[in-house]
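The values are calculated or read from the model by the stated rules, or taken from the named source; none is laboratory data. All values reported here derive from a predicted model rather than from experimental measurement. Positions of Cβ are backbone-derived with ideal geometry, glycine not excepted, and every protein chain shown enters the neighbour counts. Quick note on the areas: whole protein, heavy atoms, side chains included, nothing else; ligands and nucleic acids left out. Shrake-Rupley method; radii C 1.70, N 1.55, O 1.52, S 1.80 Å.
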Amino acid sequence: TNLHKAFEYGLSEAKALEALTKTPATLLGVYNKVGSLEAGKLANFLITTGPVFGEKTNIVENWVQGKKYEVKEDGWKNVRGQYDLTITSAAGVTTSYVLDVKSASSASVIARDTLTGKFSYDGRLVSLSFGPGGAAGAGGPRGPRSGGDSANAGGGQGGPGRRGGGGGRPGQLTHLSGAVYADGWSGNGTDSAGNWVTWTAAWSKASAPESDSSRKRPLRVGTVTYPFDGYGWDSLPAQRDLLIKNATVWTNEKEGRLENTDVLVKGGKIAQIGKNLSAAGALVIDGTGKHLTPGIIDEHSHIAAFSINEGAQSVTSEVRIADNLNPEDINIYRQLSGGVTSSHILHGSANTIGGQTQLIKLRWGQDDEGLKFKNWDPFIKFALGENVKRTTSQNNNRFPDTRMGVEQVLMDAFTRARDYQQARKTAPGVTRRDLELDALVEILEHKRFITCHSYIQSEITGLMRVAEKFGFRINTFTHILEGYKVADKMKEHGSNASTFSDWWAYKQEVVDAIAYNAAIMTKVGLNVCINSDDAEQARRLNQEAAKSVKYGGLSEEEAFKMVTLNPAKALHVADRVGSIKTGKDADLVLWTDNPLSIYAKSDKTIVDGIVYYDIDRDVQLRKKIAAERNRLVQKMLAEKKSGTPMRPAEPSFHVELDCGDHGRHDGLLTIDGDDDDANVTDNTQH
């Protein structure tokens, strides 16, 4: 049924057949053996009663490697086609006709007139009978009336098609019966005078296929977009040269803010910064009265992924966020509207050592590979505290159960990794490959870097001591709400900090959090980022950064760097993004106002020189979405009126994932209404 629906929407039968034969054979690498009917390939084929996609078609036989498997025993009753019917009288006169068989119960004899009789075929025996008047007899097809000739008699024995003279004229055919032989049927019959005739019917050609009245012209469908969403693209946007004129440019470099300045973008890179620039062929964007900044970088995000936590054990360093990215997540588009151009997609915080992370660029419309930030240093997620020891979980059935257990998990893991590292060096041929330990060895060898979910000073200090014991550093402490207590130790250790602007009091670990945390750590000399850890908050990271102007007295430039240049440094990509500098990636945002203002909106968000978000286009898309919604509603109403079976509308769910969520589990959706660190265990309601 669904395949025929696809035909109605334009799928060709040839492509449908390929999708069932050639394409899967090619994907499996066996098209040299199966997938088409060619000499030398395996004898795998079907025999059907009609065109393979016909609604009334049945499979008669399925042959596998030359062996026949009968599917429908009476399938051969479908004998539609035209046959050369030859009738020989007792006197030896032979006459030819066409026998047109419509089905196993319907046939016609074609002469000068076409007469239909009673026809039956059961797979072995065949019978054809005519009522009063019969069909033209064996003396020849019916001739014109003349003299005393009967209007219903054929010619005499002088030959087919001619009125014969002398001798008796046989009557019309009344019955033929016979059986199957090699190439058709043969048997005996009688005419109306009771004379015997013999007959044969040899298959001549297939009948024209019956018209499929249900086959319709392709129906109108909605436009295919990339991604398949109301805010998707009819075709992916192309990179082109851009010239942004007369804006206030926040460089995040020593030049600071430049008034009434132009920025030229070529080949996805920042090509020139200055006044009164010109470039032939470039798209000119008027920035008068607007502010141009580097794109916002969210150091801690959980968007664009189908699942976040692999929480079954406390060390899961082998799992990778990169393996389950969701490029159709609407939050990519929403965050582009808030000026975000890159997001660090983290594993959750259910594990002491979680999974490998993935830095992405918000290239809305690209596939999962197209999202990935190329050639960046790989990272991994660690976690400390309540989430790891599963304080809030109803299923606390796993080690560790205490904070001291968390530290021992770390000691055990890196002891095993160091032993494995040595074994791989000394006996590589006999040491079994372990993907979990491979990732930990990369940490020991300074090839993979850690971002760690953390809150309280004792655990932060403890993790730094474990790392130093094994000779590596913690690259970034995220959340870090007691970071102001250990900022000096973190600076000595060499860590970055990624924190919330003013979150506190949402669980026991954060009772000592203060809104001055980011400013204090900045003044101590740490590289400090403001992150979201929340799909909604990520749309307003510019405002989150602005809070440190109020809480701590940071300058506007210092505050805005917390969501641009500082996370670029923490993620080791500051040579490409985070500031407006010649040669860097053209990841830019044109704001309608000062980007730290609550009134600022992203006019355009640009990634690699491509405008992925445009506020004017967004207005037009909203109108198109309303029109498309109305089209679909009217289509459903029309189908209901026509009697098409209906069922109640079913909403589709979009789950916002964050640190403590397990995402999809056993086919159910987890929806977390608690804070970002709540462990969700009840997957029975959604």
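The combined condition, being modelled with pLDDT of 95 or more, open to solvent by 20 Å² or more (accessible area, probe 1.4 Å), aromatic (Phe, Trp, Tyr) and under 28 Å from residue 487 (Cα atoms), is not fulfilled by residue 414. Here is the figure for segment 20-48: residues that are touching a Ser or Thr at 6+ places or on another chain (Cβ under 9 Å) and modelled with pLDDT under 95 total 1.
Give the residue, chosen from 352, 288, 316, 357, that is over 30 Å from residue 402 (Cα atoms) and either touching a helix residue (DSSP H, G or I) at 6+ places or on another chain (Cβ under 9 Å) or surrounded by fewer than 22 Cβ atoms within 10 Å (Cβ to Cβ) (or both).
Of 352, 288, 316, 357, the one residue that is over 30 Å from residue 402 (Cα atoms) and either touching a helix residue (DSSP H, G or I) at 6+ places or on another chain (Cβ under 9 Å) or surrounded by fewer than 22 Cβ atoms within 10 Å (Cβ to Cβ) (or both) is 288.
Only residues that are open to solvent by less than 50 Å² (accessible area, probe 1.4 Å) and under 60 Å from the mean Cα position of the chain (by Cα) were counted across segment 78-92, and they come to 5.
Of all residues in segment 320-333, those that are within 14 Å of residue 301 (Cβ to Cβ) have Cβ atoms under 6 Å from Cβ atoms of residues that are open to solvent by 20 Å² or more (accessible area, probe 1.4 Å) and part of a helix (DSSP H, G or I), 6 or more apart or on another chain, in 325/368. Of the residues making up segment 336-360, those that are among the hydrophobic types (A, V, I, L, M, F, W, C) and within 22 Å of the chain's Cα centre (by Cα) are 336, 345, 346, 359, 360. Quick check: anything in segment 441-455 under 25 Å from residue 511 (Cβ atoms) and hydrophobic (A, V, I, L, M, F, W, C)? Within segment 441-455 (the criterion being under 25 Å from residue 511 (Cβ atoms) and hydrophobic (A, V, I, L, M, F, W, C)), the answer is yes, since at least one residue qualifies. Residue count for segment 291-310 under the criterion of being surrounded by 24 or more Cβ atoms within 10 Å (Cβ to Cβ) and farther than 21 Å from residue 498 by Cα: the result is 1. What do you reckon, is residue 11 in a loop (DSSP other than H, G, I, E, B), open to solvent by less than 80 Å² (accessible area, probe 1.4 Å), in contact with a Lys or Arg (Cβ under 6 Å, 6 or more places away or on another chain) and farther than 29 Å from residue 101 by Cα? Here the answer is no, as residue 11 does not meet what is asked. Scanning segment 556-575 for residues that are open to solvent by 50 Å² or more (accessible area, probe 1.4 Å) and free of Cβ contacts under 8 Å to residues at least 12 places away in the same chain gives a single hit, 575.
Only strands (runs of 3 or more DSSP E) whose full extent lies in segment 352-433 are considered here, and the ones with at least 3 residues that are closer than 30 Å to residue 586 by Cβ and of a type outside the set (Ser, Thr, Tyr) are 358-361, 379-383. Residues in segment 193-231 that are of a type in the set (Gly, Ala, Ser), open to solvent by 70 Å² or more (accessible area, probe 1.4 Å) and at pLDDT 90 or above: none.
Among the criteria (1) under 24 Å from residue 203 (Cβ atoms); (2) of a type in the set (D, E, K, R); (3) open to solvent by 70 Å² or more (accessible area, probe 1.4 Å); (4) modelled with pLDDT of 85 or more, the one residue 100 does not fulfil is (3). Across segment 324-340, a minimum of one residue is classified as touching a Gly at 6+ places or on another chain (Cβ under 8 Å), open to solvent by less than 10 Å² (accessible area, probe 1.4 Å), over 27 Å from residue 434 (Cα atoms) and of a type outside the set (A, V, I, L, M). Residues that are under 35 Å from the mean Cα position of the chain (by Cα), closer than 21 Å to residue 405 by Cα and assigned to a strand (DSSP E or B) do occur in segment 442-450, at least one of them. Note on segment 15-43: residues that are open to solvent by less than 80 Å² (accessible area, probe 1.4 Å) and either touching a Phe, Trp or Tyr at 6+ places or on another chain (Cβ under 6 Å) or small (Gly, Ala, Ser) (or both) total 7. So for segment 458-472 (the condition being open to solvent by 60 Å² or more (accessible area, probe 1.4 Å) and either within 19 Å of residue 569 (Cβ to Cβ) or touching a helix residue (DSSP H, G or I) at 6+ places or on another chain (Cβ under 6 Å) (or both)), does at least one residue qualify? No, segment 458-472 contains no residue that is open to solvent by 60 Å² or more (accessible area, probe 1.4 Å) and either within 19 Å of residue 569 (Cβ to Cβ) or touching a helix residue (DSSP H, G or I) at 6+ places or on another chain (Cβ under 6 Å) (or both). Can you work out which of the residues in segment 489-505 that are in a loop (DSSP other than H, G, I, E, B) and crowded, with 16+ Cβ neighbours inside 10 Å is modelled with the lowest pLDDT? Residue satisfying both the conditions and the ranking: 503.
Every test in (1) in a helix (DSSP H, G or I); (2) modelled with pLDDT of 95 or more; (3) not aromatic (Phe, Trp, Tyr) is passed by residue 473 save one, and that test is (1). When segment 16-43 is filtered for residues that are within 20 Å of residue 61 (Cβ to Cβ) and part of a helix (DSSP H, G or I), the ones remaining, listed by number, are 17, 20.
Looking across segment 506-519, just one residue is buried (at least 17 other Cβ atoms within 10 Å of the Cβ) and more than 21 Å from residue 490 (Cα to Cα), and that is 507.
Checked against the criteria, residue 597 does not count as modelled with pLDDT of 95 or more, open to solvent by 30 Å² or more (accessible area, probe 1.4 Å) and either under 30 Å from residue 234 (Cα atoms) or polar (S, T, N, Q) (or both).
Only one entry in 13, 61, 8 is charged (D, E, K, R) and within 30 Å of residue 121 (Cα to Cα), namely 61. Could you tell me whether residue 445 is open to solvent by 10 Å² or more (accessible area, probe 1.4 Å) and under 30 Å from residue 500 (Cα atoms)? No. Consider segment 232-265 and keep the residues that are in a strand (DSSP E or B) and on the phi > 0 side of the Ramachandran plot. The one that is nearest to the chain's Cα centre (by Cα) is 246.
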